[in-house]
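Worksheet for the structure shown next.
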Protein chains: 4
Amino acid sequence: MKVYEIQEKFGLDSLAIVERPEPSAGPGQALVKLRAASLNYRDLMTVKGLYNPKQPLPLVPLSDGAGEVVSVGKGVTRVKPGDRVAPIFSQKWIAGEPARTKLSASLGGPLDGVLREFAVFDEDGLVHIPAHLSYEEAATLPCAAVTAWNSLITLGKLKSGDTVLVQGTGGVSIFALQFAVMAGARVIVTSSSDGKIERAIKLGASDGINYKAIPNWDKRARELTAGLGLDYIVEVGGAGTLEKSLRAARVGGYVGLIGVLAGSSKELSILPVLMQNLRIQGVLVGSREMFEEMNRAIAFAQLKPVVDRVFPFEEARQALEWMEAGSHFGKIVIRIP
Amino acid sequence: MKVYEIQEKFGLDSLAIVERPEPSAGPGQALVKLRAASLNYRDLMTVKGLYNPKQPLPLVPLSDGAGEVVSVGKGVTRVKPGDRVAPIFSQKWIAGEPARTKLSASLGGPLDGVLREFAVFDEDGLVHIPAHLSYEEAATLPCAAVTAWNSLITLGKLKSGDTVLVQGTGGVSIFALQFAVMAGARVIVTSSSDGKIERAIKLGASDGINYKAIPNWDKRARELTAGLGLDYIVEVGGAGTLEKSLRAARVGGYVGLIGVLAGSSKELSILPVLMQNLRIQGVLVGSREMFEEMNRAIAFAQLKPVVDRVFPFEEARQALEWMEAGSHFGKIVIRIP
Amino acid sequence: MKVYEIQEKFGLDSLAIVERPEPSAGPGQALVKLRAASLNYRDLMTVKGLYNPKQPLPLVPLSDGAGEVVSVGKGVTRVKPGDRVAPIFSQKWIAGEPARTKLSASLGGPLDGVLREFAVFDEDGLVHIPAHLSYEEAATLPCAAVTAWNSLITLGKLKSGDTVLVQGTGGVSIFALQFAVMAGARVIVTSSSDGKIERAIKLGASDGINYKAIPNWDKRARELTAGLGLDYIVEVGGAGTLEKSLRAARVGGYVGLIGVLAGSSKELSILPVLMQNLRIQGVLVGSREMFEEMNRAIAFAQLKPVVDRVFPFEEARQALEWMEAGSHFGKIVIRIP
Amino acid sequence: MKVYEIQEKFGLDSLAIVERPEPSAGPGQALVKLRAASLNYRDLMTVKGLYNPKQPLPLVPLSDGAGEVVSVGKGVTRVKPGDRVAPIFSQKWIAGEPARTKLSASLGGPLDGVLREFAVFDEDGLVHIPAHLSYEEAATLPCAAVTAWNSLITLGKLKSGDTVLVQGTGGVSIFALQFAVMAGARVIVTSSSDGKIERAIKLGASDGINYKAIPNWDKRARELTAGLGLDYIVEVGGAGTLEKSLRAARVGGYVGLIGVLAGSSKELSILPVLMQNLRIQGVLVGSREMFEEMNRAIAFAQLKPVVDRVFPFEEARQALEWMEAGSHFGKIVIRIP
């Protein structure tokens, strides 16, 4: 079978398609024919060696995918051949709160990822995907959608009428927008592009702020909420935007800190956190149970993930470069033959 | 000013319109010109002496209304003349969890209610009503809507994709239906009338069960959820329906017990509560903070309460009889001149 | 190895010790040498055929035990030979909320239980027991202690200064007393025996009510809380005591419904549930994660389970009869050779 | 009556005792004879003009005190003459979540504080103090104790067996230590003084880390929790210690950010927040309901606040200088004649 590897050293040049023997399912496992994979910024950083430089190579990149169960090992009851499934990001985080042991086994590093024709997963590490979604659409869910769900719904307990600010139009932000709209919340989106703001409004956002035109977007966001500030901020810009997010949040508000962009250091005033009773919440994807309850909601609402562009299997590098360019809206997908 | 009183003894025959001097607002108070009132089953029972037989008379009936602030006393900052407002049911339940001291001062008994032209309230006992609602529509909110909100949203923490069963098409049930739909949940409604089920489906319910045609509606409800059972049950039928509700709920499910209909005793098996890890939650309206956050959600969604019928002020008795007949869909309102 | 079976038909007479071949651990499993088992009322009902009459026989009875890992199968990482462990009651409830699939595989019915010398468990179905406990003491934890923990701590979110009423001095009640005391809460215990009340007070209870001397123990309990009512009631008496429990609880209070005693039907007024905003919460043991966090608390506090009496392996029947007699205080244990 | 004022300009030199007419209670108000006041770091900063430089002067300093109700105005029901009471910090935060309107009216700035013989408060702005506490002891509660309670109990939902790290031995930290011990949690305290660590251990802390001897106290703290990291960190050092706190917390842990020391800016890496699913929670005192439930717990446990030193009324300046010197353990109190 065909498998993408990051070979020998990190870098886009090290990506190569190789042949590996097709694996088979042991007891409690399922063999999955992968049909599509989607990109997260973490994947780009992993390929470039910026996420975890100590990651042993070769590594099959990409954590998020979807496919069909081909065969199952002894004792498997959760899935059967023909089932449409997606592997969960942290293969050991089934339910409950996060813990080190649950977070250690994530796909696309340290474990081999999904950019390959076949893969074997523990039956416990799989979820069924909503029937109305194509494999390309379902492949967008494992990290970006579950992270948005965990942040706003599981941890944030978002309710109708709440106000949510989402930064930009990347994968997590668009899912956050869609879930917030689904829940009856009001969404304000920030972007550097009026065109993207227009598309976000078509998806249900109430307002957009072009942060190029209005650099003090935090002030503008407060004005849009009658001076109260936002209930929820989906913070994906990291150190570069966090201070403004803290100032945009209401007293007692919630700032969900998401994504590896958040990693860099910065001079940061934490006074607003204190004086406004804010909560800054780090969010690193979520559990299988969250994934399953999210899928139920997606299926009921017939919600469609926003796929920016689908690349053929051979063009994984181009897909990563497309992500790097940063002009996408929603998720970038790779079809697997 | 004109005031309805339950005079001397209980009963529909004791309802009379009398003249009282117009009150004026003391320090911290507001004088409100009431424009509309709405009926709850509690009001019918109160008039008939079945709710609290020790209630001193005369009493101005009805707890729910809406009107306009005419003047304010010294030190008032929350409202000003011209504001469109509704009094809260428990005048002392401002925020936080319920407590005996917070629940004691409810309108329509023991305190005088809203079926009168003018009334004085503490500024803390008022909320602003959504701008897109008429007084008739806003008058439906204080008990029925806040109860539905408290049960599903505050206590129940309903989320998108959850399943909710609402019993019948009375005031609380229709608000529960509307709030659940607003939150992205799936709603199953039970009714004895196909016509009412049709109307509920137009409001966003996914399914209806005619419990005359299908007496084992609990079984049917389970089937509609692939055998899992419901996440939430809005139980308004009381002892007569509770056992079926317990059987319709999923493992770990939530049964919100609402409304004075629930009062009567009955042989009840509590085994399902235990064996299914169920939660039965008594819900008696809610706080001002819940009312305010609900209003924000209603305003954002431009949600319209379902008004069954509006009676003129002179026909309060007919309105109560209309409620007693039980064929209404949504809320019964009385216009105040 | 020696194994107790309920043979052919239900009844204490059907209990017999038989020889079975010693099992061995497959992949992901551990072989455990059981050292002690403890009794729950459910076990007595199971033996007598009153819990689940359709349970296929023969069945190894008793769900709760503790022992030592003898060997482990391929891929096992959670335990190793020599580890002191206890199996969890619902072998599939690892974490998160209850669900039908999680509750189906409980020990002592439908699965074979722990009254035997050796048993094989999935590694995921075991927890390490606190170091300061003997096997006899640790064997008391899986059902009774986890149920008390789940009810008061996980679901109830008990905090210092809260008031808790525990009914009687059986296994769950005594653990509830101990956990509540550990958490800084005030405990009132009811019993028919002044001697038992005295022992409960030695364990940290603040007050006792002899319900034989004071049949209106609900009134007395309210008086002891300055008329407010209790924050928490640990309801183990079922239909026979539930109404008094509802009247003893404060506005907004929590009644944890526990134990198979609760199963029978009864005329029940649900008015207090509604009018007092009460929560009745069915509690059926709990997850492995609850068990583990409970063990951490027990270990930190060096808390000792209350063992009423230890029977030798040959006297399982006498142990069950001792439970039936109902004069125990705390847990009844059987030593396994 | 005698009143302390910060006169004309900020600074310790501007503190003066002046005469003002004794106030009287209006409708809904109570006149309180203050008996003691306690210091918070915020008071020191306020006097020096570092907290809110725009604060109009003169201002009566200090937010925390306790005293006796002398007389009450019309309609007052919550208190009566002779009651022992303390005013709440944010006079408008009665219950529920924080909000801008609730936080605006805090004592000791912008409102006049408690360093005076008499003061008038709204009855809603007072709580009864535990009977076993002297006025000096009760005066320590309003900010420091309520902040610790809110952070660990209300927001943090601390439970038995959890691990808590408290920084230093100032007012909030010692209350956090005492409440955590009361709840059955394990406490690790950091300090620059072995003597203070010893005293903290006498109060129930399990371990101490001298951060002068062990500058990498975060590592040491992790070791003390078997490498897992702490469940809760009571962060009072602000920007200077926050990074170490983030590294000391477990996956999914909680860092309560407390105190005005936290205000300064600093280069801060937020990567651990994300990668460990941490929650940073700003905490600014709490509501009256929290104060009341805390008092109930304090009364039940007969817990005694740790008073470092009591100064006579005339030596307010010395008391503030004593706080500035920073060698106190627990709370600094001023007796009011």
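For beta carbons closer than 6 Å, sequence separation of 6+ or different chains, a first residue in segment A:157-168 that is not assigned by TED's automatic domain parsing to the domain that holds A:Ala183 and a second that is at pLDDT 95 or above and surrounded by fewer than 24 Cβ atoms within 10 Å (Cβ to Cβ), there are no qualifying pairs. Taken over segment D:189-232, the criterion of being in contact with a Gly (Cβ under 7 Å, 6 or more places away or on another chain) and hydrophobic (A, V, I, L, M, F, W, C) is satisfied by D:Val189, D:Ile197, D:Ala200, D:Ile201, D:Leu230.
In segment D:69-87, what residues are touching a residue at least 24 places away in the same chain (Cβ under 8 Å) and more than 14 Å from chain B (Cβ to nearest Cβ)? D:Val69, D:Val70, D:Ser71, D:Val72, D:Asp83, D:Arg84, D:Val85, D:Ala86, D:Pro87, listed by residue number. Filter segment A:279-337 for residues that are among the β-branched types (Val, Ile, Thr) and in contact with a Pro (Cβ under 8 Å, 6 or more places away or on another chain); which is farthest from A:Gly252 (Cα to Cα)? If we take residues in segment A:279-337 being among the β-branched types (Val, Ile, Thr) and in contact with a Pro (Cβ under 8 Å, 6 or more places away or on another chain), then A:Ile334 is farthest from A:Gly252 (Cα to Cα). Could you tell me which residue of segment D:92-112 is nearest to A:Leu274 (Cα to Cα), considering only residues that are within 14 Å of chain B (Cβ to nearest Cβ) and of a type in the set (S, T, N, Q)? My answer is D:Ser104. The conditions of being touching a residue at least 60 places away in the same chain (Cβ under 8 Å) and either buried (at least 22 other Cβ atoms within 10 Å of the Cβ) or not in a loop (DSSP other than H, G, I, E, B) (or both) are not met by D:Ile280. Only residues that are more than 15 Å from the chain's Cα centre (by Cα), under 21 Å from D:Arg42 (Cβ atoms) and acidic (Asp, Glu) were counted in segment D:107-149, giving 1. Residues of segment B:232-246 that are under 21 Å from B:Ala205 (Cα atoms) and surrounded by fewer than 24 Cβ atoms within 10 Å (Cβ to Cβ): B:Gly237, B:Thr241, B:Lys244. For beta carbons closer than 7 Å, sequence separation of 6+ or different chains, a first residue in segment D:203-224 that is open to solvent by 30 Å² or more (accessible area, probe 1.4 Å) and a second that is assigned to a loop (DSSP other than H, G, I, E, B), the qualifying pairs are D:Tyr211/D:Ser192; D:Lys212/D:Ser192; D:Arg220/D:Ile214; D:Arg222/D:Gly229. For segment D:321-332, enumerate the residues that are under 16 Å from D:Ala176 (Cα atoms) and in a helix (DSSP H, G or I). Selection gives nothing. If you filter segment C:267-290 down to residues that are of a type in the set (Gly, Ala, Ser) and within 7 Å of chain B (Cβ to nearest Cβ), you find that the one that is nearest to C:Gly238 (Cα to Cα) is C:Gly282. Looking only at segment C:292-301, which residues are facing chain D (nearest Cβ under 8 Å) and open to solvent by 40 Å² or more (accessible area, probe 1.4 Å)? C:Glu293, C:Arg296, C:Phe300, C:Ala301, listed by residue number. Is it true that some residue in segment B:137-147 is of a type in the set (A, V, I, L, M, F, W, C) and either surrounded by fewer than 21 Cβ atoms within 10 Å (Cβ to Cβ) or without any contact (Cβ under 8 Å) to a residue 12 or more places away in the chain (or both)? No, every residue in segment B:137-147 fails to be of a type in the set (A, V, I, L, M, F, W, C) and either surrounded by fewer than 21 Cβ atoms within 10 Å (Cβ to Cβ) or without any contact (Cβ under 8 Å) to a residue 12 or more places away in the chain (or both).
Filtered by the rule that a residue be open to solvent by 30 Å² or more (accessible area, probe 1.4 Å) and either at pLDDT 85 or above or more than 10 Å from chain D (Cβ to nearest Cβ) (or both), segment A:247-263 gives A:Arg247, A:Arg250. For C:Gly252, the conditions (1) over 22 Å from the mean Cα position of the chain (by Cα); (2) within 25 Å of C:Trp149 (Cβ to Cβ); (3) part of a helix (DSSP H, G or I); (4) of a type outside the set (Lys, Arg) all hold with the exception of (3). For segment D:49-67, the condition of being among the aromatic types (Phe, Trp, Tyr) and modelled with pLDDT of 95 or more holds for none of the residues. Exactly one residue out of D:Val114, D:Val79 is assigned to a loop (DSSP other than H, G, I, E, B), within 22 Å of D:Pro337 (Cα to Cα), at pLDDT 95 or above and open to solvent by less than 30 Å² (accessible area, probe 1.4 Å), and it is D:Val114. The set of residues in segment B:302-320 that are surrounded by 18 or more Cβ atoms within 10 Å (Cβ to Cβ) and assigned to a helix (DSSP H, G or I) comprises B:Phe313, B:Ala316, B:Ala319, B:Leu320. Does C:Val127 fit the bill of being out of contact with any helix residue (DSSP H, G or I) (no Cβ under 7 Å at 6 or more places or on another chain), open to solvent by less than 10 Å² (accessible area, probe 1.4 Å) and either not assigned by TED's automatic domain parsing to the domain that holds C:Ile258 or not charged (D, E, K, R) (or both)? Answer is no for this residue. If I go through segment B:131-155 residue by residue, how many of them are small (Gly, Ala, Ser), in a helix (DSSP H, G or I) and farther than 15 Å from B:Phe179 by Cβ? Number of matching residues: 1. Scanning segment C:198-239 for residues that are under 20 Å from the mean Cα position of the chain (by Cα) and on the phi < 0 side of the Ramachandran plot yields C:Arg199, C:Ala200, C:Leu203, C:Ala205, C:Tyr232, C:Ile233, C:Val234, C:Glu235, C:Val236, C:Gly237, C:Ala239.
The values are calculated or read from the model by the stated rules, or taken from the named source; none is laboratory data. What you see is a predicted model, and the numbers here were worked out from it, not measured in a lab. Neighbour counts are summed over all protein chains in view; Cβ atoms, including those assigned to glycine, are modelled from backbone coordinates with ideal geometry. These accessible areas exclude ligands, DNA and RNA; they are computed on the full protein's heavy atoms, side chains included. Shrake-Rupley method; radii C 1.70, N 1.55, O 1.52, S 1.80 Å.
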